[in-house]
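Presented below is the structure to which this report refers.
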Amino acid sequence: MGKYMIIPYILLGVMDVRYLKLSLIHKNRTGKSIALFMESNLVAVILGIIMQGIGSNFIDSILIWPFYACFTWMILALIEYAFEYTGLGKAFECFKYIKRAVFVFTIVDTINMFIHSIIRIENVRMNKSGVAAWLYNLGYDAHIFITYVFVAVFILCFIYRILNSPRIYKVKYMQILTCMIIVSCINIVMFQLRLWENVSLLFYGILGAFVYEITFQYSHKVVKNRALQKIAEESELPMVVFGTDDSIIAYNKEAERLFDKCTQKCSLEEFCKAYNLYTPAALEKTYHKKISIMHEDKKLYFQCKYGELCENDNIAYAKYFVFEDITEITIVNSVMRYLETHDELTGLYNMKRFYEKVNEITNKYPDDKFAIMIFNISRFKIVNDMFGRKMGDAILKQISENCLAQCSDKRVYARVESDNFITLCPKSDLVIKDLEKKRNIKVTYNNITCTVHIRYGIYEVDYDSKVDVGTMCDRARMALDSIKNNGNCVAAVYNDNLRNKILKEHMYKEELTSAIENEDFKVYLQPQVRCEDGLVKGAEALVRWEHRKLGLIPPGDFIEFFEQNGLITELDMYVWEKVCQILKQWKEEGRDDYIAVNISMKDFYIIDLYKVFTNLIEKYGIDKNKLRLEITESAFTLDLEKNVNVIKKLQMFGFIVEMDDFGSGYSSLNALKDIPVNIIKMDMRFVSQTQDPARADTIIRMILAMAKELNMEVVAEGVETVEQAEKLKQYGCSYIQGYLYAKPMPAEEYLEFVKNMK
């Protein structure tokens, strides 16, 4: 070798060291294979420098063997690299055996170098001077052949990968393949010429550096950049890029579809102005802004991100906008915000927002007088059941449309729940007569017309009382609830009397159970006198509440309230039990009097009347006909057939059934036709209130005559004058009950009264 090769070898060695360090950073097999290649090349370079620098035949004869062995190890590293980089080592089982064959060849080849089966060095005489000459044996040709077989395998791996890879990856494989072919050709020439100055080592080193750069640097960047470019082009996020001269230099398909300005090649300033972005002068390096645009008659919302692309020296070379479509989430958030303050069905405010608006309006107009009015639809549930929920919704929407049409700075509406609505309005707008005119609302849905009735509860806002809005609404509700069972009343205004009544009824409700347990309810008996002989034969059981704090509470204060709220059954069962205890005691004393007890309409639907009364008879061992049962015709208005069957079962068991308040209803004769009772009770208060006494007298006479024809007894209650009693006796009445003879009294006083009457 000539001295002139030392300097290239030194430079090559420096390069080998650099790329060896870089390769060792990568812990994968690809990095390790490149590191092995660079190590082998570096060792060969060091050996070449020593041999050329010393120029000793003896040294050459020692170092030439590992020098050539390094080439074999480089081939092994290249095969390992090819299998790993192309992925064929994992894809095909046969490549495992090829890798093993290469490794075995490398070991054998290295050994053969030292036993001179491939190459040897000898001194020959030329021009009287000794010159070292390389003598190549037959093993050398075998070595070269096998080496190039493995090189061919390397080339075939890359050709296969080029043919079967996406276009974006073909470039990196083609670059390495091209470099390998060039180096292989140079190597072939060097070996064929048997040149000592074997420059192929230099090209192997360059090949290693090139492979590293392509593998870990260039190809990664190219693939990454092309992938990012493709992602940007196909992205659903619109992207627009401007150059340093503020002109558009790039945009993707989505940006072209949505932003017309992209195709017009507008400037940055024009783009910002067109889409309500910040002006270029106001743009920061990064910022976010929410914008909206019209596209195909639809309003779209975007979150815009602006940024700058900078070099390492922090100098921007491009500016970009990325737009994220937030239309769906914006609409959802808008709907959510709307539903936080509005009712979904009607579009009116909900109660939370209504409270806020009431405070806003009353604070804004402190000198004005306002009222809170709550209103609902009478028997709305029945309307829903009869016509369906869609009709019910149509009614609610119609009412809400009427409400929305009346909204103003001083008037707001809200939907409380179901069919309940509420409004704050100037007090001067509330005229009861006007409300009566508005009580009926006619709604048509699917060719079905339905008229509903509205009722109102009103609370007049009192600034001095410092009542919160929630309490105001509750008081308006109290006013409405006070008329819910009064079909003729359209509106009620909250006042102190109503408040006291409601508080009292609340107390009644809370104390009912404890009053029963403490036996604060007392059974009073009002005697029934037989017209035939003037003797007392029985009584009607009435209840009185002897309150421990309030004293005696008349039944008119609590009976109707208990009936309306479904509490009457608990009280009725208590009274029935007490009456049975009285009858048991009378039976033991040999008394023959009966007691009639009242059955409320609610009792038919809450308990099994037949079971309750038959159990009482068995429990106390009393005669069935001594416990008479009083019913009203209103108990049969909802489920006539079912309730008639209950009455018939009770009669078959032996009970006597009376129809209470006969004549006070609108269909008493019809009820008498359908309901099988034994006795009718005629309320004289009904006939005493008429302006035509003669006509009323005729009606009484006809009722008594009809009862006689039907073999039914008649009990006249509410008799207060002797004249009434005489006429009733004259017309054939069976029993008389009223203040003319006695007021309701405790059982002990009743017995004394009976004794005196005898």
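The values are calculated or read from the model by the stated rules, or taken from the named source; none is laboratory data. This is a predicted model, so every value here is computed, not measured. As a convention, Cβ positions derive from the backbone with ideal geometry for all residues, glycine included, and neighbour counts pool all protein chains shown.
Could you count how many residues in the stretch 344-364 are over 20 Å from D462 (Cα atoms) and out of contact with any helix residue (DSSP H, G or I) (no Cβ under 9 Å at 6 or more places or on another chain)?
0
Which ones in the stretch 342-390 are of a type in the set (F, W, Y) and farther than 16 Å from N420 by Cβ?
Here is the first cut: in the stretch 342-390, the residues of a type in the set (F, W, Y) are 349, 354-355, 365, 370, 375, 380, 387.
Of everything in the stretch 342-390, those that are of a type in the set (F, W, Y) and farther than 16 Å from N420 by Cβ turn out to be Y365, F370, F387.
Looking at K626, is it at pLDDT 90 or above and under 57 Å from the mean Cα position of the chain (by Cα)?
no
Please work out if I372 is modelled with pLDDT under 90, closer than 22 Å to G457 by Cα and outside the structural domain of C266 (by TED's automatic domain parsing).
no
Being more than 14 Å from L202 (Cα to Cα) and either outside the structural domain of W65 (by TED's automatic domain parsing) or polar (S, T, N, Q) (or both) is the filter here; which residues of the stretch 29-51 pass it?
Correct list: T30, S33.
Could you please give the count of residues in the stretch 291-329 that are more than 19 Å from S247 (Cα to Cα) and either in contact (Cβ under 8 Å) with a residue 40 or more places away in the chain or of a type in the set (A, V, I, L, M, F, W, C) (or both)?
Result for the stretch 291-329: 9.
Can you name every residue in the stretch 587-603 that is in contact with a Lys or Arg (Cβ under 8 Å, 6 or more places away or on another chain) and either part of a helix (DSSP H, G or I) or hydrophobic (A, V, I, L, M, F, W, C) (or both)?
Selection gives K587, I595, A596, V597.
Would you point out the residue of the stretch 712-753, among those that are outside any strand (DSSP E or B) and among the aromatic types (F, W, Y), that is surrounded by the most Cβ atoms within 10 Å (Cβ to Cβ)?
Y750
Among the residues of the stretch 243-282, write down those that are hydrophobic (A, V, I, L, M, F, W, C), touching a strand residue (DSSP E or B) at 6+ places or on another chain (Cβ under 6 Å) and at pLDDT below 80.
Once the filter is applied, which keeps residues that are hydrophobic (A, V, I, L, M, F, W, C), touching a strand residue (DSSP E or B) at 6+ places or on another chain (Cβ under 6 Å) and at pLDDT below 80, the stretch 243-282 yields only C262.
Provide a single number: the residues in the stretch 576-608 that are surrounded by fewer than 19 Cβ atoms within 10 Å (Cβ to Cβ) and either aliphatic (A, V, I, L, M) or outside the structural domain of K642 (by TED's automatic domain parsing) (or both).
Count: 3.
Give the residues of the stretch 436-461 that are part of a strand (DSSP E or B) and among the aliphatic types (A, V, I, L, M), sorted by residue number.
Listed by number, the residues that qualify are I441, V443, I448, V452, I454, I458.
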